[in-house]
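Beneath this line is the structure, given in structure tokens, with notes to follow.
Values quoted throughout were computed directly from the atomic coordinates according to the rules given, and no laboratory measurement underlies them. Computed from a predicted structure; not experimentally measured. When we count neighbours, we look across all protein chains shown, and the Cβ atoms used for this are built from the backbone with ideal geometry, even at glycine.
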Amino acid sequence: MTQPPAPAGRSAHPVAGVVLAAGAGQRFGGPKALIELEGERLVDRAVRLLHSGGCDPIVVVSGAVSLVVDRALVVENSDWQTGMGSSLRRGLAAVPQQCAAAVIALVDQPYVGSEAVRRLISAHQAGATAAVVTYGGRRRNPVLLARSTWEDVCALAYGDVGARRYLEAHRGDVVEVPGDGTGDPRDIDTPADLPRR
């Protein structure tokens with residue numbers, strides 16, 4: 001029996017989104033997931049970004065603070081204090097089996113645009129097993145990782161390093177997706193990074 005075609009713009013194997021939102025935000029003075037920008041928490045903004053870019057479902061990894069997030073599955077990383085690596089492993093482990101890949105986004109990069117996510121998914125649909133957005137030629141976030149890479153990604157994700165070791169070790173296999181003009185990858189690290197009211 002043949003499978004019906006996937007709806008336009010959707011792969012037969014969906015791409016999940018994973019938001020890493022477990023940190024305590026020590027330099028900011030509190031968990032960055034809860035920071036409000038234009039009346040919206042950064043965690044909600046990140047989920048909206050991934051949905052708008054074509055990811056479904058969305059997994060949010062919490063840690064320093066418990067989170068309730070609409071339109072997302074929230075999973076807790078009890079080892080969040082060990083760094084981003086454990087959050088990435090926890091997030092990928094929670095992605096439903098039917099998903100062929102996941103786009104990984106950081107909660108403290110609220111100016112990334114949904115078009116960057118769409119370009120990552122398009123690269124995956126064209127055959128990429130790993131793709132990263134570049135700005136001015138520099139690799140930044142978000143990144144897309146096909147399920148076939150996850151075991152190796154997780155083996156290299158520890159301490160405060162997420163997918164970077166894997167991406168560097170497989171540099172020739174990573175598709176670079178230009179993100180210039182789609183948004184801004186800068187981090188929100190301290191209150192001074194927020195717009196003045």
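Values computed for the structure shown
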{"item": "Chain lengthening between SER122 and GLN98 when straightened (0.36 nm per residue, less Cα-Cα)", "result": "6.8 nm"}
{"item": "Net length gained if the chain between GLN26 and ASP152 were fully extended (0.36 nm per residue, minus Cα distance)", "result": "42.4 nm"}
{"item": "Long-range amide H partners of LEU67 with built H, under 5 Å", "result": "none"}
{"item": "Amide H contacts of GLY25 (H built 1.01 Å from N, under 5 Å, at least 5 apart or other chain)", "result": "LYS32"}
{"item": "Distance between modelled label sites at SER66 and ASP160, nm, 7 Å Cα→Cβ extension", "result": "2.9 nm"}
{"item": "For the chain, average projected area of the Cα convex hull in nm²", "result": "11.6 nm²"}
{"item": "Signed unit charges on C-beta, dipole axis of segment 1-120, positive-most listed residue PRO110, LEU92, LEU37", "result": "LEU92"}
{"item": "Residue-averaged 222 nm ellipticity for the chain, from DSSP H runs of 4+ at -39500 (n - 2.57), nearest 500", "result": "-7000 deg cm²/dmol"}
{"item": "Contact order normalised by residue count of the chain, Cα under 8 Å, 6+ apart, percent", "result": "23 percent"}
{"item": "Rounded to 5, percent antiparallel among DSSP beta bridges of the chain", "result": "35 percent"}
{"item": "Alpha-carbon centroids, segment 58-99 and segment 157-197: separation in whole Å", "result": "18 Å"}
